[in-house]
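For reference, the structure is listed below as structure tokens.
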Amino acid sequence: MSRQFIKGNDAIIVGALQAGCRAYYGYPITPASEIAHAAALHFPALGGTFIQAESEIAAINMVYGTAGMGIRTMTASSSPGFSLKQEGLSYLAGAELPCVVVNVVRGGPGLGNIAPEQGDYFQVTKGGGHGNYRLIALAPNCAQEMCDLTVLGFDLADKYRNPVCLMADGFTGQMMEPVAVPAAKAVPFDHTEWCVRGDAATHKNLVSSIFLESEDLEAHNLKLDAKYKEIEKNEVRYEEYLCDDADLIIVAYGILSRIVYSTIDQARAAGKKVGLLRPITLWPYPSKIIAEYSERDVQFLSVELSTGQMVEDVKLAVEGRAPVHFYGRCGGMVPGGEELLAEYDKILEGVKS
Amino acid sequence: MKVFEKPTSFYPRFERKGGPHKETTHYCPGCGHGNVHKMIAEAMDDLGIRERTVFVSPVGCSVFGYYYFDCGNIQAAHGRAPAVATGIKRANPDSIVISYQGDGDLAAIGTAETLHAANRGENITVFFVNNAIYGMTGGQMAPTTMIGQKTATTPRGRIETEHGNPIRMAEIISTLPAAGYVERVAIGTSKHIMKARKAIRKALTNQVENRGYSFVEILSVCPTGWKMDSPDARDWLLNEMTQVFPLGVYKDDAGERENEWYRPVEPFVPEKVDAYFSAGNFEEADEPIKLDKSLQCKFAGFGGQGILTLGLFMAQVGMRGKLHASWIPSYGPEMRGGTANCSVNLSEARIGTPLVDRPNVLVVMNQPSLEAFEKDVVDGGTILIDSGIVESKPDGDRLNCILIPATKIADEVGTPKVANVVMLGALCAATGAFELDFVEETLRAVVKKRNLVDMNITALKRGYDFVRNGG
Ligand SMILES: Cc1ncc(C[n+]2csc(CCOP(=O)(O)OP(=O)(O)O)c2C)c(N)n1
Ligand code: SF4
């Protein structure tokens, strides 16, 4: 298979176009701007649409318009811009519109800085907008996944009629790695039944999230909830490395999972049974596998570029059956391998509790 | 009589409306929205565009526009209708897109979307119903509320020095070159209605003929919000509102613009996308290269020395050799202190962290980089230094040190720009990981500027020979 050597940010756009995405709407923000640069180059070249919108709010609402036509569309931003998209995401989820939204997370809160962080975990996985809704959240950790999970994101978005968030970080965006570009395939979904294309076949359709009557809105929420349960059943994705016999399971995603991966062999070489569990879907969360492991004599350590967000999901999965620890850096500080190995030691020696 | 007939662009019965009364609208008696809806529906009938029309309803009393219009309907968030309309029109330029908005929606919360859609000359039609009040939320001040007008949030009347002045959107939008047609009309006497009907029709015709952005502001009544009966409301509109919001055509450039604002798009053709991106594919070696050990390299120097490109070349050489490869530039706090640097990993096994904090190969092209990174190099690691630039010497007992005057050699080759490639040659010789021919082929494949290829190859060989011949 032939490959190219490209940046994670570029790989997102390659994946999107291969998946049949036809319109990109964005607003510049570091460290997500390169995605817009790539989109500006490639979308028009392939007969698609690129608009630099007046704000992230406008961009997500342009996405709403195109998504309402049943056409694959996306936007990308970074944390402050992702905050501005929350209203739009709630509308997209409420109206059940498929799309992909990338958040290349940077340091916060407020203006923060442009360095990599994972402080938007709550916002992405718990719904930063209003109402009972969920985003399907995917966390790539390499350039290949920036491409592949974008493709998967479009498929899941169409399959469940729900927005999908690709939660990345500055490292996975900036990093260049070999990427095998997946073959483009015709989009296997037909949305004629509900979408509004401005043609005869769809002119009776309505895209909306209003349900004036309480009974109706409750029914709509329950329908969404049933869909979310279906997603939780079918779409959990994770990767594990040497968890089977581990005394300590490190839970980490995105770039941190790469750093942790490098430490596992080192720890094992020193006789310490450490394993890695990497959520690929942050929502739905791989709670079941974590719960299964927690039945054994084991400890967990959630490592994050935050002050402790995902660790809550680990604790929810473990339900008190095993100790759950946390180690995090933030603001752009990234733990090195030696720093992490020292943390593992503290836990395994019972110093940290 | 025709006037009593419902336009066919309206549903015969309003089934989407809750409650028992499916024949009447949800609007208050005497409300202007109903009149405006009817005129739009009639124009849609006349132009035969019902099936290709998408009606974007706003948030406001007209949020339920989809009860009535027998066309595609999309309901937008408060103020975002022009952005939603943009997303529809761009994805299907053959659709007819109507953005229908109240004054709070269009001129307060959605001002940015309004102006920028106009400024891009979106080929859409905006109907702006200005009733000088927030109807839906119970009669608060709108951006178009008149001076002195009492509302729920201006109980003492609108005061200029406290609330500012009523905003004149038709005037503002008419200053934007890409806006094609801007007119203000009113729901008043039958003469006004006739003008309004004409303007609405023209604004839609413009879109059908791809003449670009059209904006019709319709002064309308809200008897409920204004706390007036219908006749008084009409009088107030005609006597007071038109003073502040003069009726008339503010701009009409659409005449010369037929089809100028049609923005074609193409459908998704998988083969075309495949062909487009496959141009970036790399030709890789038949057999993977064997490495004695994984290379964890750091490249550091001044910005402008091509240090990041040097790292990139190295990574591409590895990739062509079917190795796992990663390249990542310095990022965040690391970037301080006058060095640009990047990390490159080459390995037969899957690469964990792409960040190299303990390199076994360090390439430095300036003094601060040596000071910053020498201590990080693992014992027995290799360090390559541009000895023409870096003054001090690294610890030769701990590290395998290679000093090469790369920039000087590059000058001899023809340009200091290829000093990084001299270093690449030296690196190949020092690590013994790659055949010189293989590196040369890679360079030929990846160097973008064709006229620089030969110079790069010469630089590569000079660096390689320098190390092979013992410096
Ligand atoms: C984000 C947001 N803010 C506020 C509201 C509440 N709201 C609904 S309609 C409206 C104003 C409507 O006024 P206008 O646009 O003038 O339309 P009218 O009802 O007069 O036709 C407001 C503030 C909302 N729905 N969403
Ligand atoms: S409140 Fe005003 S704008 Fe709303 S329906 Fe009643 S009269 Fe019309």
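The values are calculated or read from the model by the stated rules, or taken from the named source; none is laboratory data. Just so it is clear, the model here is predicted, and its values are computed rather than measured. Cβ: placed from backbone, ideal geometry, glycine included. Neighbour counts: every protein chain shown. SASA here: full protein model, heavy atoms, side chains in, ligands and nucleic acids out. Shrake-Rupley method; radii C 1.70, N 1.55, O 1.52, S 1.80 Å.
For the segment A:9-21, counting C-beta atoms of other chains within 10 Å of every residue's C-beta and taking the mean gives 2. Here the Karplus curve 6.51 cos²θ - 1.76 cosθ + 1.60, taken at θ = phi - 60°, turns the phi angles of region B:125-136 into couplings of 10, 10, 9, 10, 8, 9, 10, 6, 6, 8, x, 4 Hz, with x standing for Gly and Pro.
The rule of thumb for compact globular proteins, 2.2 N^0.38 Å, goes into the C-alpha radius of gyration of region B:93-205 1.14 times.
For region B:199-293, what is the convex hull volume of its Cα atoms per residue in Å³? Walk me through the numbers on the way to the answer.
On the way: hull volume 28.0 nm³, N = 95.
In region B:199-293, the Cα hull volume divided by residue count equals 295 Å³.
In degrees from 0 to 90, rounded to the nearest 10, what is the angle of the helix B:307-320 Cα long axis to the longest principal axis of chain B? On a 0 to 90 degree scale, this one is about 80. Each 5 Å bin from zero holds the following percent of Cα-Cα pairs in region B:389-471: 3, 16, 26, 24, 18, 8, 5, 1, 0.
For the protein assembly as shown, taking Cα atoms only, Rg and Dmax work out to 31.2, 105 Å respectively.
P(r) tail, region A:239-348: Cα-Cα pairs separated by more than 25 Å, 10% of all pairs.
With only Cα atoms counted, region B:33-256 has Rg and Dmax values of 16.2, 49 Å. Centre-to-centre, using Cα atoms only, region B:119-149 and region B:344-408 are separated by 65 Å.
Equivalent ellipsoid of region A:1-136: semi-axes from √(5λ) of the C-alpha gyration tensor, largest first, are 22, 19, 13 Å. Quantify how strongly other chains surround peptide B:109-118 by giving the mean number of their Cβ atoms within 10 Å of each of its Cβ atoms. Across the residues of B:109-118, the mean count of other-chain Cβ atoms within 10 Å is 3.
Across region A:153-280, the fraction of Cα-Cα pairs farther apart than 17 Å, rounded to a whole number, is 75%. Shape class of region B:291-468 from the alpha-carbon gyration tensor: rounded, with the ratio a/c of largest to smallest axis under 1.5.
The apolar share of the surface of the protein assembly as shown, taken as the fraction of accessible area on carbon and sulfur atoms (1.4 Å probe, ligands and nucleic acids excluded), comes to 53 percent. Kirkwood hydrodynamic radius of region A:3-234 from all distinct Cα pairs, in Å? Kirkwood radius, region A:3-234: 17.6 Å. With contacts taken as Cα pairs under 8 Å at a separation of at least 6 residues, region A:3-234 carries a relative contact order of 25 percent. Evaluated at q = 0.26, 0.30 Å⁻¹, a Debye calculation over the C-alpha positions of region B:67-113 (equal weights, vacuum) places log10 I(q)/I(0) at -0.97, -1.11. Per residue, the solvent-accessible area of region B:33-256 (1.4 Å probe, heavy atoms of protein chains only, all protein chains present) comes to 32 Å². Compute the signed sum of charges (Lys and Arg +1, Asp and Glu -1) over the other residues within less than 12 Å, Cβ to Cβ, of residue B:286. It works out to a net charge of -1. Of the residues in region A:153-194, those shielded by at least 30 Å² of accessible area once partner protein chains are present, compared with the chain alone at a 1.4 Å probe, are A:171, A:174, A:175, A:176, A:178, A:184.
Report the antiparallel proportion of the DSSP beta bridges in region A:3-234 as a percent, rounded to a multiple of 5.
25 percent
Here's the list of aspartates and glutamates a cross-link from residue A:126 could span, going by alpha-carbon distance under 12 Å and ignoring same-chain residues fewer than 8 apart: A:312, A:313. Computed with the Debye formula from one identical point scatterer per Cα of chain B, without solvent, the log10 of I(q)/I(0) at q = 0.07, 0.12 Å⁻¹ comes to -0.61, -0.87.
Normalising the Debye intensity of region A:257-301 to I(0), with uniform scatterers on Cα atoms only, and taking log10 at q = 0.19, 0.24, 0.31 Å⁻¹ returns -0.70, -0.97, -1.12. Taking other residues whose beta carbon is less than 12 angstrom from the beta carbon of residue B:107, and scoring Lys, Arg as +1 and Asp, Glu as -1, yields -4. Solvent-accessible area lost on pairing B with A (1.4 Å probe, both sides summed) amounts to about 5900 Å². Mean per-residue shielding of peptide B:49-57 is 4, counting Cβ atoms of other chains within 10 Å of each Cβ. Annotation for region B:257-281 versus region A:142-210: alpha-carbon center distance of 18 Å. Here the peptides B:286-295, B:364-373 are ranked by packing, the mean other Cβ count within 10 Å, and the order with the highest first is B:364-373, B:286-295.
With each label modelled as a point 7 angstrom along the Cα→C-beta vector, the residue B:253-residue B:393 pair spans 7.2 nm. Translational D (Stokes-Einstein, µm²/s) of region A:204-249 at 37 °C and 0.692 mPa s when Rh comes from the Kirkwood sum over C-alpha pairs? The estimated diffusion coefficient comes to 229 µm²/s.
Over all other residues within a Cβ to Cβ distance under 10 Å of residue B:134, the charged ones net out to -2, with Lys and Arg as +1 and Asp and Glu as -1. What chymotrypsin sites (Phe, Trp or Tyr not before Pro) does region A:203-280 have in DSSP loop regions with at most 15 other beta carbons within 10 Å? Loop-located and lightly packed - A:211. Where both bridge residues fall in region A:239-348, DSSP classifies roughly 20% of the beta bridges as antiparallel. Step through the table entries B:298/B:417; B:322/B:375; A:223/A:288; B:6/B:227; B:408/B:449; A:233/A:315, compare each Cα-Cα distance with 25 Å, and write down the pairs that go over it. In this structure, B:322/B:375; B:6/B:227 exceed 25 Å between Cα atoms.
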